[in-house]
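These notes concern the structure reproduced below.
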Amino acid sequence: MAANTVIRDTKSSEKKADPFDPSDSAVLQSQSEDEVGEVRPTGMDDYEKQKAAQGEAHFHRLGWKRLTIVLIVTAVALGSLSLPGAFATLGMVAGVILTVGIGLVALYASYVVGQMKLKYPHISHYTDVGRMMFGKFGYEFISVMFILQLVFTTGSHVLTGAIMFNNLSENGACTIVFTVVSAIILFLVAIPPSFSEMAILGYIDFASIIAAIFITIIATGVRAGELPGGVSSVAWSAWPKEDLSLAEAFIAIGNIVFAYSFALCQFSFMDEMHTPKDYAKSVVTLGIFEIVLYTITGALVYAFVGPDVQSPALLSAGPLVSKVAFGIAIPVIFISGSINTTVVARYIHGRMFKNSIIRYVNTPMGWATWIGLVAALTVLAWVIAGAVPFFSDLLAICSSLFVSGFSFYFPAIMWFMFIREGKWYERKNWALTAANAITFIVGITVLGVGTYSAVWDINHRYEVGSVSDPFSCAPIG
């Protein structure tokens, strides 16, 4: 047992504590004890300081290149697999315009999120902005939105994993079995707590999705070329499909919106950056990459397949090639899904143990609580995946309820409340006021009309019997 000693020297070379940084709680406590000359056990104090220092170093290793990768891991997965179906609904012209337009708006909103983090460094997660905007209620309300969005997204990947296993095995087992297997893999991949570590997996994720997309594009192009009339005989259209309902249109738009949902995790990722001001490089790189990739993928696969293109798009590559593409896409399905669990677990774990070294996940208790939390969140995502067993509508619900705020109208509110310099109507602010007003309108429109359309379509599908019951063994449609 370590000996007790009285601290008499109040002068210290330690850094000045930041009251907004929970990592400095040990420093604040140490300074307080030094001032009053209390007796404390130096052995335990040194141990906690060592673990805190290790934790701080471990969770501040992210550079702008790895930030780009983890943002890609977050965004470029389900979105790229569902866009050709959106093009088939909206038509080539509207599909391209909306993909590019929404992408530019999302890129600007993400830039605003980065400005907010630089101006207020104490923000660790999106929930902290909720407190700044709307007080305690805003913090708790946006916490619920934050948790549900990330868990819903993990649930989407549970479904995608089940679709993949069904495809590879030709429906060789009950779908529930495949969702369980998917959930177990997602749990295992989500265990590393640092985003810098997830970025290493992200390089595999990146290579996986690029390869799967290009295999799908090439395969669908070859199949189109083998048709009697060649590629020109494919019945794609520049205009929306006939008798398009409002619900169908906004479900397709919701899939495009969901593809640009990276802003949700941006505060969490930037909190691990060693040089946060470099975030703009990541945001611009990611934004341009996404817009180009999504537009090419949506337009080409739709042009090669036509109105019968399936969602996810890998299913349109033909029986054999779709199996190959799904096999190559295995890393992106599970790495992109698991990072959502990691983000929400980091938030909850850090909030539960904000005044303890347990939050650094480098002690036995830290690892035990971390693994238990990741397991609980994965089980919750699995339940959602079983309760809502259809791909497009789950994406549309997530987009309408949550991404509309995190990626669009919340950043606009941030600019008006915290970032704007001078009056909004001053000449120097005209362009930025217009940009943020457009961003806000896009978000509110998706929130209202998109949510209505998704709920209406779910009810309609159940009424006509076009989907299976919750927790069904039937293949996912």
- [ ] Find how much the distance from Cys473 to Ala280 grows on full extension, using 0.36 nm per residue of separation minus their present alpha carbon separation; answer in nm with one decimal.
- [x] 64.9 nm
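State to the nearest 20 debye the size of the charge dipole of the chain about its Cα centre, where the only charges are +1 on K and R beta carbons and -1 on D and E beta carbons. The partial results should precede the final answer.
Details: 28 positive and 33 negative charges, 162 e Å.
It works out to roughly 780 debye.
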TODO: Quick one: Debye curve from the alpha-carbon atoms of the stretch 303-457 only, equal weights, vacuum; give me log10 I(q)/I(0) at q = 0.08, 0.11 Å⁻¹ to two decimals.
DONE: -0.42, -0.75
Open item on the list: At R0 = 30 Å, how high is the FRET efficiency between Ile184 and Met365 if r is their beta carbon distance? Nearest 0.05 is fine.
Closed with: 0.80
Open item on the list: As I understand it, the dipole of the chain uses +1 on the Cβ of Lys and Arg and -1 on the Cβ of Asp and Glu, about the Cα centre. Which of Val73, Ser282, Ser453 lies farthest toward its positive end?
Closed with: Ser282
TODO: Compute, for Met92, the solvent-accessible surface of its heavy atoms (probe 1.4 Å) with the complete set of protein chains present, and express it in square angstrom to the nearest 10.
DONE: 30 Å²
Open item on the list: If I measure Cβ to Cβ between cysteines in the chain, which ones have no partner under 4.7 Å?
Closed with: Cys265, Cys398
TODO: Express in whole angstrom the spacing between the alpha-carbon centres of the stretch 283-309 and the stretch 408-453.
DONE: 26 Å
- [ ] Name all residues of the stretch 188-218 having a backbone nitrogen under 13 Å from the label point set 7 Å from the Cα of Val231 along its Cα→Cβ direction, giving them as ranges.
- [x] 217-218
Task: Spin-label pair Ala207/Arg427, simplified geometry with 7 Å Cα→Cβ offset, distance in nm - done: 5.5 nm
Task: chymotrypsin sites (Phe, Trp or Tyr not before Pro) restricted to DSSP loop in the stretch 419-477 with at most 15 other C-beta within 10 Å - done: Trp424, Tyr425, Phe471
Task: Listed residues Ser233, Ser399 arranged by accessible area, highest first, probe 1.4 Å - done: Ser233, Ser399
Task: Carbon and sulfur %, accessible surface of the chain computed with the full protein complex present, 1.4 Å - done: 67 percent
- [ ] Among Met116, Thr154, Met164, pick out the residue whose Cα is farthest towards the positive end of the charge dipole of the stretch 41-179, where Lys and Arg carry +1 and Asp and Glu carry -1 on C-beta, about the Cα centre.
- [x] Met116
- [ ] Please calculate how many Å² of accessible area the chain carries per residue, with a 1.4 Å probe and no DNA, RNA or ligand atoms counted.
- [x] 42 Å²
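How long is the gain from Ser245 to Tyr47 if the chain were fully straight, where each residue apart is worth 0.36 nm and the alpha carbon distance is subtracted?
Working: separation 198, 0.36 × 198 = 71.28 nm, distance 6.32 nm.
Contour length minus the Cα-Cα distance gives 65.0 nm.
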Task: Along the chain, longest interval not containing exposed trypsin sites (Lys or Arg not before Pro), exposed being DSSP loop plus at most 13 other Cβ atoms within 10 Å - done: 17-353
Task: Over 20 Å between alpha carbons, listed pairs Lys51/Lys119; Lys51/Lys354; Lys119/Lys423 - done: Lys51/Lys119
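The values are calculated or read from the model by the stated rules, or taken from the named source; none is laboratory data. Being a predicted model, the structure only gives us computed values, none of them experimental. Quick reminder, even Gly has a Cβ in these numbers, built from the backbone with ideal geometry, and neighbours come from all protein chains shown. Ligands, DNA and RNA are excluded from the accessible area calculation, which covers all protein heavy atoms including side chains. Shrake-Rupley method; radii C 1.70, N 1.55, O 1.52, S 1.80 Å.
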